[in-house]
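Below: one structure, written as structure tokens.
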Amino acid sequence: MFELVIACFIGILIGTTTGMIPGIHVNTAGAIIFASSTFLLSFLSPEFLCVMMVAMSIAHALIEFVPSMLLGVPEEGTATSILPGHRMVLQGRAKEVIRIVCVGGFGAILVTILMLPIFSILLPMLHDISKPFTWMILLFASIYLTYSLTSTRRDFLWSLLLFALSGILGWTIFQTPISSGVTLMCIFSGLFGISTILFSLNDNSTLPHQNSFYDLNIDFDKFKSIFAGGITGAILGFLPGFGPAQGTVIAQAASGTSDSDDDTVNFLLATSGLNISDCLFSLMAIYIIGNPRSGIAVYMSYLISKMSLNHLIIYIFASLLAVSVSLVLALRLGDSFSKLMGGVDYKKLSISVILLQIVILFIFIFYYGAPVGYMILALITSTAMGMLPHYLGIGKSHLMGVLIVPAIVIYMQMFI
């Protein structure tokens, strides 16, 4: 048992490292560990490696909010949270942002674990029933949520257009033989990272001194947002074709939140909880429905072919330890970053982040052997598209069509 605790802390260390480096996905570390598993299994047990991967996934999912919130550099699960979080940082509320996402993530983990017995009974029955109708669920949910999250006919039409255009972009780039890891990094960098920072530069934003005081009282509305994030994340970890990015709009509707100035705190609680909950449940899905729902879960399923109840209990305790330690680390790292940011020139910082993001992207482009010209064109196109919601005054969550539309098409082809 002691060796599994060691495995958990090693995983937390790896997840913290990958989470703090913009553009590095936890699946990259998972792929390296899995590729080395033949050698590692000569002196380590499969359970050791799996616990390490569980802890690494949870730590990464929570820690990645630090660069996402403070620097505006996105991963899939944090993409739609960047704009409201970035807005709070520009208001001098960086410490509050970090505490919000930590509370949301930690609370959602608890909700997911407490609801696990219910999910274990209900979700397997729904799995086979819902799969043929996934494309319809995605289509109708997207249209309904787009309508419900816009206040005027003009905003609704523009939102639908951006949803469709981003979907075409996603479908086009996913048809190439290029690794999905580098293509996702490219289009998410443009749609949500670089475009957001460029707009704030164009708007002559300045980085104010970060307030050392913060106020976060958990009332009923905030608890509802955390609960909605946990439940939605668990459902997304079970349904094929759904992910954290797509589920953000569902979590908004379930919790009654939006990314407006007046409701930013509840929005961030729901979306951070959604990301962490989805991360955990995608691993738990191996036991509940027999199918892995993430890259890390796939590697774990190869290491342990038959997951037992004992394995599930071990992974739950590993996730609790990982999220607890990661919460402390996120607070420490976030506070340190916020202090440093108070005396930094915002324009120089923003340009440095953009350059860093581009450099990391090109490292992966060359590593995967992707065509440079094509990837540059995709980055420019996605950045330009990511600028439009800012000028049109609509939410950037509608750009999630980049993943939803390809999923709709794929499941239509499978079941029609």
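The values are calculated or read from the model by the stated rules, or taken from the named source; none is laboratory data. As the structure is a prediction and not an experimental result, all values here were calculated from the model. Please note: Cβ atoms are built from the backbone with ideal geometry, for glycine as well, and neighbour counts cover all protein chains shown. We work out accessible area using only protein heavy atoms, side chains counted, and drop any ligands, DNA or RNA first. Shrake-Rupley method; radii C 1.70, N 1.55, O 1.52, S 1.80 Å.
Among the residues making up segment 273-324, those that are aromatic (Phe, Trp, Tyr), at pLDDT below 80 and surrounded by fewer than 24 Cβ atoms within 10 Å (Cβ to Cβ) are TYR287, TYR299, TYR302.
Please specify each residue of segment 339-366 satisfying the condition of being open to solvent by 70 Å² or more (accessible area, probe 1.4 Å) and at pLDDT below 80.
Residues satisfying the conditions are LYS339, LEU340, GLY343, ASP345, LYS347, LYS348.
A search for C-beta distances below 7 Å between a residue of segment 166-178 that is more than 14 Å from PHE188 (Cβ to Cβ) and any residue that is part of a loop (DSSP other than H, G, I, E, B) and among the small types (Gly, Ala, Ser), counting only pairs 6+ apart in sequence or on different chains, returns ILE178/ALA370. Residues in segment 127-176 that are of a type in the set (Ser, Thr, Tyr), at pLDDT 80 or above and either in contact with a strand residue (DSSP E or B) (Cβ under 7 Å, 6 or more places away or on another chain) or crowded, with 19+ Cβ neighbours inside 10 Å (or both): SER159, SER166.
Say whether the condition of being within 20 Å of the chain's Cα centre (by Cα), farther than 30 Å from GLU47 by Cβ and among the aromatic types (Phe, Trp, Tyr) is met by at least one residue in segment 341-348. No, segment 341-348 contains no residue that is within 20 Å of the chain's Cα centre (by Cα), farther than 30 Å from GLU47 by Cβ and among the aromatic types (Phe, Trp, Tyr).
If you go through segment 367-414 and keep only what is aliphatic (A, V, I, L, M), modelled with pLDDT of 85 or more and not in a helix (DSSP H, G or I), you end up with just ALA370.
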